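Report on the structure given below.
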Amino acid sequence: MHTRAVAALAAALAAATALFLPTSEVRAVDAHRPQPMVVAHRGASAYAPENTLPAIDKAAALGFSWVENDVQRTKDGELVVIHDTTLKRTTNVEQVFPGRAPWKVKDFTAAEIARLDAGSWFSPAFAGTRVPTLGQYMRRLERNHEKLLLEIKKPELYPGIEAQTLKVLANGGWLDHRHLASRLIVQSFSAGSVRTVHELKPAVRTAFLGRPDKADLHRYAAFVDLINPSYRTLSADYMAAVRAHRGPHGAPLGVFVWTVNDAAGTRTVAGYGVDGIITNKPEVVRAALKTL
Ligand code: G3P
Ligand code: CA
């Protein structure tokens, strides 16, 4: 075969391979470092109420495919998307159920939570917005062609939430090859929870939220693909230490940092070569990346 034809074929194969590989693996097959993924934290949470369907619609409308969310469980076993362990800050629960302090998510049924307004606290424009179930949320992501960094929040409060979450994901078609390869990462501040997800479904990409000691990274590399620290705790030295390990899918460990909301922070972490930037202000991060 002609040399140029061989080169073209190799390039086409590399491009096709990259389409189906996680970010960290794309980096491995691409001599040019790709820019970090921009992840809309709790959806486009600077512009719409966090962890709601309007927040992920807004992220999509702004042109961002990756969103982050938080998953917890109701009293009667429904998975819902909400950050705090109480309903107080992001709903009108105090008005609707005045005698039920401290208004913990796990003390309310799904039907009760479905009555709450999860938008008015943010702006009257979002009055009537509901706390979505994970199933509703996944269907909207699918409709919007979005990608999900799913955080299992406070798993110690919800025994078995890992298997239950995987079941909802499977029922929605999110555990097929195409979703696993490029559209889903499951993360938690709980290493035990992330390990459980990995053991139950090894094909799922996982991330640990935090900054383990360098000496412990090899242990995490047995069950996580990414280490996701607060951006304020990251350094070039730590980045190199993370990269020196390969995760369960054979690629060097990746890094998504949180929560970067300004240009200076974006430039700093992009300089470290992070794979993803989790942000409340995705367009600020995107604009800063364009200047690099
Ligand atoms: O994805 C990182 C970030 O979401 C972790 O912190 O409290 O916003 O869930 P928090
Ligand atoms: Ca989160």
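Bear in mind that the values in this text are calculations on the coordinates, not laboratory data. Quick caveat, the model's predicted, so the values are computed rather than measured. Positions of Cβ are backbone-derived with ideal geometry, glycine not excepted, and every protein chain shown enters the neighbour counts.
Placing a pseudo-label 7 Å from each Cα along the Cα-to-Cβ vector at E94 and R178 gives an inter-label distance of 4.6 nm. With axes computed from alpha carbons, what is the tilt in degrees of helix 191-200 against the longest principal axis of the chain, rounded to the nearest 10 within 0 to 90? Around 70 degrees separate the two axes.
What area, in nm² and to one decimal, does the C-alpha convex hull of region 78-178 cast on average over all directions? Walk me through the intermediate numbers first.
Numbers: hull surface 28.3 nm².
Orientation-averaged projected area of the Cα hull: 7.1 nm².
Shape annotation for the chain: C-alpha extents along the principal axes are 75, 38, 37 Å, from largest to smallest. For the chain, the longest principal axis of the Cα atoms and the long axis of helix 161-171 meet at an angle of about 70 degrees.
Which order do the peptides 187-194, 275-282 come out in when sorted by mean C-beta neighbours inside 10 angstrom, highest first? Numbers along the way, then the final one.
On the way: 187-194: 20.9, 275-282: 25.4.
Those peptides, ordered most packed to least, come out 275-282, 187-194.
From its DSSP helices (H runs of at least four residues, each -39,500 (n - 2.57)), the chain gives a residue-normalised ellipticity at 222 nm of -10500 deg cm²/dmol.
Report the local net charge at A125: Lys and Arg +1, Asp and Glu -1, summed over other residues whose C-beta lies under 14 Å from its C-beta. For residues surrounding A125, the net value is -1. With just the Cα atoms defining each centre, how far is region 270-292 from region 122-185? Give it in Å. Centre-to-centre (Cα) distance: 24 Å. Taking the DSSP beta bridges with both ends in region 23-290, the antiparallel portion is around 20 percent. Cross-linked pairs K58/K88; K106/K214; K58/K167: Cα-Cα separations exceed 31 Å for K106/K214.
When DSSP beta bridges are restricted to pairs lying wholly in region 130-278, around 5% turn out antiparallel.
The alpha-carbon of K154 sits under 20 angstrom from the alpha-carbons of these aspartates and glutamates, leaving out residues fewer than 8 places away in its chain: E50, E68, D70, D76, E78, D84, D107, E162, E199. Mind pulling the angle between the C-alpha long axis of helix 263-272 and the longest principal axis of the chain? Nearest 10 degrees, somewhere in 0 to 90. Rounded to the nearest ten degrees, it is 50.
Going through the cross-link list K104/K201; K147/K290; K201/K290, which pairs have a Cα-Cα distance over 26 Å in this structure? K104/K201; K201/K290, as the Cα separations exceed 26 Å there. Pair-distance distribution P(r) for region 210-292, from all Cα-Cα distances in 5 Å bins starting at 0: 3, 16, 28, 21, 16, 10, 5, 1 percent.
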